[in-house]
1. Considering only the stretch 83-111, state which residues are in contact with a helix residue (DSSP H, G or I) (Cβ under 9 Å, 6 or more places away or on another chain), within 12 Å of ligand 2 (Cβ to nearest atom) and not small (Gly, Ala, Ser).
2. Please specify each residue of the stretch 83-100 satisfying the condition of being buried (at least 22 other Cβ atoms within 10 Å of the Cβ) and assigned to a strand (DSSP E or B).
3. Which numbered condition in (1) in a strand (DSSP E or B); (2) away from ligand 2 (no atom under 16 Å from the Cβ) is the only one that Lys121 fails?
4. Condition (residue is closer than 24 Å to Glu28 by Cβ and in contact with a Phe, Trp or Tyr (Cβ under 8 Å, 6 or more places away or on another chain)) applied to the stretch 104-111: is it met by at least one residue?
5. Go over the candidates Ser141, Ser114, Ser73 one by one and state the one that is under 16 Å from Arg46 (Cα atoms), out of contact with any Ser or Thr (no Cβ under 8 Å at 6 or more places or on another chain) and among the hydroxyl-bearing types (Ser, Thr, Tyr).
6. Do you know which of the residues in the stretch 66-103 that are more than 15 Å from Glu28 (Cα to Cα) and β-branched (Val, Ile, Thr) is farthest from ligand 1 (Cβ to nearest atom)?
7. Can you tell me which residues in the stretch 19-54 are within 15 Å of ligand 2 (Cβ to nearest atom) and among the acidic types (Asp, Glu)?
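The values are calculated or read from the model by the stated rules, or taken from the named source; none is laboratory data. Just so it is clear, the model here is predicted, and its values are computed rather than measured. Counting neighbours? That spans all protein chains shown, and the Cβs are built from the backbone with ideal geometry, glycine included.
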Amino acid sequence: MPENNSSSIDIFGMLSDDSEEKKKSQREELLSTTGVKEFFKEGDIRIDKRTCWGLECKLCIDACPTNALFWQSGEVKIIKDLCVYCGACVLCCMVDDCIKIKRKRENGKIEKFSKPKDVIKLEERINTKKRVERVTGLFPSVDRYCEKYQKQKK
Ligand code: SF4
Ligand code: SF4
């Protein structure tokens with residue numbers, strides 16, 4: 001059995017965990033006012049400045065629901081703490097692979113995308129899954145479905 005004395009307690013680790021948690025909850029609070037439906041706590045976003053159309057475009061800046069993107073010194077910049085990895089910027093970017101997003105779902109699943117068609121496919125897959133879950137929640141079996149609707153017909 002491990003010895004339970006003060007030397008075995010990682011106080012610095014506890015402090016850093018706590019501040020990380022605090023940072024996360026402050027971020028959630030700040031972003032809750034934006035009305036973003038899907039909130040990803042973990043992820044990463046990168047913008048390739050070499051392929052970005054910058055001044056001639058700026059579509060991603062207009063599309064971002066949290067104002068994480070902004071224009072400064074002739075390029076698109078990002079405040080990573082404000083990004084919720086929603087994918088709106090990728091969806092409207094005219095250059096494939098210019099914005100790259102990686103995000104982690106609550107269940108640990110990692111999603112990566114960098115093209116509008118990737119975002120559309122991903123959303124379609126998610127919506128289909130949600131629809132199936134909703135239907136199977138209401139009607140766990142075909143019998144249950146028939147039972148309900150045959151009763152209504154009578
Ligand atoms: S993924 Fe793009 S649009 Fe969405 S919050 Fe992040 S920077 Fe803004
Ligand atoms: S939408 Fe894409 S090409 Fe246009 S400014 Fe944003 S990153 Fe650059």
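1. Scanning the stretch 83-111 gives Cys89, Val90, Leu91, Cys92, Cys93, Met94, Asp96, Cys98, Ile99, Lys100, Ile101.
2. Listed by number, the list holds a single entry, Ile99.
3. Going through the list (1) in a strand (DSSP E or B); (2) away from ligand 2 (no atom under 16 Å from the Cβ), Lys121 breaks only (1).
4. The answer is yes, given that some residue of the stretch 104-111 is closer than 24 Å to Glu28 by Cβ and in contact with a Phe, Trp or Tyr (Cβ under 8 Å, 6 or more places away or on another chain).
5. None of the other options fit; the residue is Ser114.
6. Taking the stretch 66-103 as the starting set, the residues that turn out to be more than 15 Å from Glu28 (Cα to Cα) are 69-78, 87-103.
Filter once more, so that each one left must be β-branched (Val, Ile, Thr): 76, 78, 90, 95, 99, 101.
Working: Val76: 9, Ile78: 6, Val90: 7, Val95: 14, Ile99: 7, Ile101: 6 Å.
Among them, the one singled out is Val95.
7. The one that is within 15 Å of ligand 2 (Cβ to nearest atom) and among the acidic types (Asp, Glu): Asp48.
To keep it simple, each residue is scored yes or no on (1) within 14 Å of ligand 1 (Cβ to nearest atom); (2) at pLDDT 75 or above; (3) over 14 Å from the mean Cα position of the chain (by Cα).
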residue	(1), (2), (3)
Ser25	no, yes, yes
Leu31	yes, no, no
Gly35	yes, no, no
Glu42	yes, yes, no
Lys58	yes, yes, yes
Ile61	yes, yes, yes
Cys64	yes, yes, no
